[in-house]
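Have a look at the structure below, then the notes.
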Amino acid sequence: MELRLANPRGFCAGVERAIMVVDELLELTDGPVFVRHEIVHNRIVVDELRRKGAVFVETIDEIPPGAVAVVSAHGAPSKVGAEAKARGLRLFDATCPLVVKVQLEVLRHARQGRAVIVVGHKSHPEVIGLVGHYDREAGPGVLVVESEADAGSVDPPIVERLGYVTQTTLSFDETDRIVEILKRRFPAIIGPRTSDICYATQNRQQAVVALAADCDLILVIGAAHSSNSMRLRETAERLGSVARLIETADDIAPGWLVGRRRVGLTASASAPEHLVAGVVERLRRLLPGLAVVELGEPEHMVFRPPPELRALRLANRPERPAIPRPPTKRGSVMDNQKPAEAVGMEEVVRSVRELARGARGLVEQAGGVAEREVAMILTVSEQARDRLVSSKGLEQGRRHPLFGALRADAHRAVDLGFDAVSIAYVTAVDVVENFLDQSRGSTAKLGPSAA
């Protein structure tokens, strides 16, 4: 028998970022770290963080005043930020940046006077957060559509000014069908087409499609309350494969494997790779001589930490030791400095050092703000493109070999440009800190012992 492993699989960039936020806060802060809702929908991950000291709650009211709090990767209504501020919490937002993009779309629609239809599951925390970002004082209202039947019967408060967004972890095909119904019923509706469904969801569903072509059993590692886990299983079943959703290797029933030629294995975006390794090991014990084949290519996407965590890292960064300096030459001006003047020099160096660190913190915060602003501009630009250009015309343009090559070159050029800027920034910071460290070493020799 052959086992085929899907790629990409497992943790996406948004999940890795959210877990990293909680892990680092547990190291950098005193006391427990409170997380609003499960950081990701995976019991194994949540239990591991709980053992490390994380406390999971459902409301801000459950968190003691002044404590450290984290918003989960799924996001939260905008009022959560105000509630956290009122309780004096140190709030760290681990919302996936792709979810933040959709939140901004909802807010923009409201402020432009549109009603909004959110395509997604009403009880899912991401959808609750999207609805909670709608400005009800500016817009006429927000509704949730869960199915094709809902799309056929939904009655928005206004049809002339209407927009839609989608949950990021939906089935690609099902969402397309729902959106087509909405567009047929409300020709003036505007939205991002299907681009709100995140890259990780699309990639993992496409990897399952590849598995289903040759596998008569597909195992999906994930949780029953995880939207992207359920969509992977449903995708396999829709294509005619037998699919089983499991949390760990212990959930595998040996009877499932009887008469199978090829077994496919994937993991949802909230499932860690060590669970995949555990399943492979169990299958090897159950099926001696099992051949294991990797299909596809893994992802390499990485999201920056939230600005609040970057600022905390900076504040907790240890001071670099002073670089040893050779003795001052005889007859230099420094030899004639009096102890009082040496103290004055030390104060100047200390002030310059604090100023440099403050400037660095401001640059980090400005970068975080710019990141969100760029996401908003890109969203508006995409929607303008989608209104001006037909889907067919856009697809033809993207498939043209000349422009496909230019697109790839442009991506490389942007990457190189940001590499150059980031290297220059890090180098500048090191140069300034080395200079300050050397200055501190020099002034330390100006006291009585150096006289």
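The values are calculated or read from the model by the stated rules, or taken from the named source; none is laboratory data. In this text the structure is predicted, and so the values were computed from the model without any measurement. Note that we place each Cβ from the backbone using ideal geometry, even for glycine, and neighbour counts take in every protein chain shown.
Annotations
- Those strands (runs of 3 or more DSSP E) of the stretch 1-87 in which 1 or more residues are modelled with pLDDT under 95, assigned by TED's automatic domain parsing to the domain that holds Ile128 and surrounded by fewer than 24 Cβ atoms within 10 Å (Cβ to Cβ) are absent.
- Failed item in (1) touching a helix residue (DSSP H, G or I) at 6+ places or on another chain (Cβ under 7 Å); (2) buried (at least 18 other Cβ atoms within 10 Å of the Cβ); (3) not basic (Lys, Arg), with Thr95 passing the rest: (1)
- Test: residue in the stretch 110-123 that is part of a helix (DSSP H, G or I), under 21 Å from the mean Cα position of the chain (by Cα) and crowded, with 24+ Cβ neighbours inside 10 Å: no
- Pick from the stretch 88-97, criterion under 17 Å from the mean Cα position of the chain (by Cα) and part of a loop (DSSP other than H, G, I, E, B), ranking: farthest from Leu309 (Cα to Cα): Cys96
- Matching entry among Ala243, Ala207, Ala200 (being assigned to a helix (DSSP H, G or I) and touching a strand residue (DSSP E or B) at 6+ places or on another chain (Cβ under 9 Å)): Ala207
- Verdict on Asp150 being more than 18 Å from Ser72 (Cβ to Cβ), assigned to a loop (DSSP other than H, G, I, E, B) and at pLDDT 95 or above: no
- Looking only at the stretch 176-196, residues that are farther than 23 Å from Arg111 by Cα and crowded, with 20+ Cβ neighbours inside 10 Å come to 1 in all.
- Of the residues examined, Ile158 is one that is over 15 Å from Arg9 (Cα atoms), surrounded by fewer than 20 Cβ atoms within 10 Å (Cβ to Cβ), hydrophobic (A, V, I, L, M, F, W, C) and more than 19 Å from the chain's Cα centre (by Cα).
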